[in-house]
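First the structure, in the form of structure tokens, and then the observations on it.
The values are calculated or read from the model by the stated rules, or taken from the named source; none is laboratory data. As the structure is a computational prediction, the values presented were derived from the model and not from experiment. Here Cβ is always computed from backbone atoms with ideal geometry, including for glycine, and neighbour counts include all displayed protein chains. Remember, those area values only see protein heavy atoms, side chains included, never the ligands or the DNA or RNA. Shrake-Rupley method; radii C 1.70, N 1.55, O 1.52, S 1.80 Å.
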Amino acid sequence: MNIRLMQRLRAALLALSACAALAGPAAAETVTFGTDWKAEAEHGGYYQAIATGIYQKYGLEVALRQGGPQVNHAQLLAAGVLDFNLAPNSFGPLNYIREAIPMVAVAALFQKDPSVLIAHPGQGNDSFPALKGKPIMISGDTRTGSWLFLKQKFGYTDDQIRTYTFSVAPFLVDPKAIQQGYLSSEPYTIEQQGVHPVVLLIADAGYASYGSIIEASEKLAREKPDLVQRFVDASIEGWYSYLYGDPGPGNTLIKKDNPEMTDELIAYGIAKIKEYGIVDSGDSKTTGIGAMTEARWKEFFTTMATAGLYPADLDYRKAFTPQFVNKKVGMRP
């Protein structure tokens with residue numbers, strides 16, 4: 001190649017580089033994402049990914065919508081209003097399949113469902129077997145949820161059920177009381193009243209439900225797998241940053257979206273998430289946060305099908321895909 005031709009090539013490359021610099025970075029793709037409740041520590045990784053620019057690093061502009069008691073993000077996902085949605089447990093994806101709605105779970109950010117049973121200390125109610133035959137305050141949703149597992153595993157019966165009013169007041173006035181709860185919520189409220197309750201995480205008894213499950217339409221997963229992969233990867237990195245880095249940026253956005261959230265309650269939530277391995281335990285320790293396995297889904301489905309909640313011939317495999325997880329994204333050495 002002669003010298004003059006080489007000079008022309010260099011000039012052309014410099015011109016292309018200059019044009020690229022003037023054009024700036026490619027515009028980020030906007031995606032809508034609905035959470036399963038009002039902003040709290042349990043959503044910390046997603047808020048962290050927004051606050052620290054992790055989603056932007058993956059070419060995404062995420063419009064996060066908080067959930068709440070009057071919000072049905074599952075319907076909005078099915079209607080195409082949302083691109084991604086959080087299911088609080090493994091029932092959500094299976095319910096879609098039962099109703100022949102083409103949605104799919106693409107990642108499980110919680111390896112453990114944070115559902116708990118709560119009892120007073122010093123009453124002999126410090127294990128799941130000890131609660132057999134005793135009155136327990138639970139909601140209608142729990143009766144068709146984790147209660148079905150407890151009946152099979154420990155022999156609980158429906159005549160134990162008492163109405164749960166979503167208040168800890170009845171619990172506080174009765175030392176024999178036992179009630180349902182959420183790991184980072186009711187125990188905190190009870191502790192603020194001077195009682196340090198017995199907290200039994202149902203997941204630690206073998207309850208196989210995942211939590212904080214990212215759902216998308218089958219169409220999106222099929223037609224835009226790169227977009228789904230980038231959203232999942234960025235969310236995973238957000239959780240690593242939130243749990244093992246400085247959670248301050250994410251917490252600031254949580255409090256902005258939910259002014260009722262306090263620094264103390266957020267700190268309590270983070271501590272419990274770490275203590276109980278809600279996000280990072282089990283399979284996530286070897287394949288990364290967000291891990292899902294067919295064996296785990298099969299175990300959960302079999303339990304619920306045995307209880308009569310789902311037909312035994314339901315193709316549970318359609319409820320999830322491991323395509324986007326188990327890749328060790330964001331894992332530390």
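Here the average projected area of the convex hull drawn through the C-alpha atoms of the stretch 158-288 stands at 11.3 nm².
When only Cα pairs below 8 angstrom with a gap of at least 6 residues are kept, the stretch 23-165 shows a relative contact order of 20 percent. Ignoring the sites themselves, the chain has its longest run without GluC sites (Glu not before Pro) in a DSSP loop having at most 11 other Cβ atoms within 10 Å at 100-259.
Take the chain with all the other protein chains still there, run a 1.4 Å probe, and you get 47 Å² of accessible area per residue.
Computed on protein heavy atoms with a 1.4 Å probe, the accessible areas place R230, R317, R98 in the order R317, R98, R230, largest first.
Report the extension gain between D313 and D126 in nm, rounded to one decimal, defined as 0.36 nm multiplied by the number of residues separating them, less their alpha carbon distance.
Taking 0.36 nm per residue and subtracting the Cα distance, the gain is 63.5 nm.
In this structure, the amide hydrogen of G34, modeled 1.01 Å from its nitrogen in the peptide plane, lies closer than 5 angstrom to those of R65, F84, N85, L86, counting only residues at least 5 positions away or on a different chain. Stretched out straight at 0.36 nm per residue, the stretch from D204 to I101 would grow longer than its current Cα-Cα span by 34.0 nm. Relative intensity of the stretch 134-232 on a log10 scale, I(q)/I(0) at q = 0.14 Å⁻¹, equals -0.67, per a Debye sum over C-alpha point scatterers of equal strength in the absence of solvent. Only helices enter this figure: runs of n ≥ 4 DSSP H residues, each worth -39500 (n - 2.57), summed and divided by the residues of the chain, yield -12000 deg cm²/dmol at 222 nm to the nearest 500. Based on alpha carbons, the Rg and Dmax found for the stretch 234-333 are 17.1, 47 Å.
Binning the alpha carbon pair distances of the stretch 28-164 at 5 angstrom intervals from zero yields the distribution 2, 8, 15, 17, 16, 13, 11, 8, 6, 3, 1, 0, expressed in whole percent. On the principal axes of its alpha-carbon atoms, the stretch 97-146 has extents of 48, 23, 15 Å, going from largest to smallest.
Could you tell me the ratio Rg/Rh of the stretch 240-283? Both radii from Cα atoms, Rh via Kirkwood. Checking Rg against Rh, the ratio lands at 1.00. Taken over the stretch 173-217, the percentage of Cα pairs per 5 Å bin, counting from 0 up to the bin with the maximum distance, is 5, 15, 23, 21, 13, 10, 7, 3, 2, 1. For the chain, carbon and sulfur atoms together expose 55% of the accessible surface, with a 1.4 angstrom probe and every protein chain in place.
Computed with the Debye formula from one identical point scatterer per Cα of the chain, without solvent, the log10 of I(q)/I(0) at q = 0.07, 0.09, 0.10, 0.14 Å⁻¹ comes to -0.33, -0.51, -0.62, -1.14. So if the hydrodynamic radius of the stretch 105-184 is defined as the Kirkwood radius over C-alpha pairs, what does Stokes-Einstein give as its diffusion coefficient at 37 °C and 0.692 mPa s, in µm² per second? This corresponds to a translational diffusion coefficient of 244 µm²/s. Once C-alpha pairs closer than 8 Å and six or more residues apart are averaged by separation and normalised to the residue number of the chain, the relative contact order reads 28 percent. Applied to the stretch 175-185, the Karplus parametrisation 6.51 cos²θ - 1.76 cosθ + 1.60 on θ = phi - 60° returns per-residue 3J(HN,Hα) values of x, 8, 5, 9, 8, 6, x, 10, 2, 9, 10 Hz, with x for Gly and Pro. Taking all C-alpha pairs of the stretch 42-105, those more than 16 Å from each other amount to 54 percent.
Extending 7 Å from the Cα toward the beta-carbon at both K134 and Q75 defines two label points whose distance is 3.9 nm.
Label-to-label distance, L172 versus Q192, with points set 7 angstrom from Cα along the beta-carbon direction: 0.9 nm.
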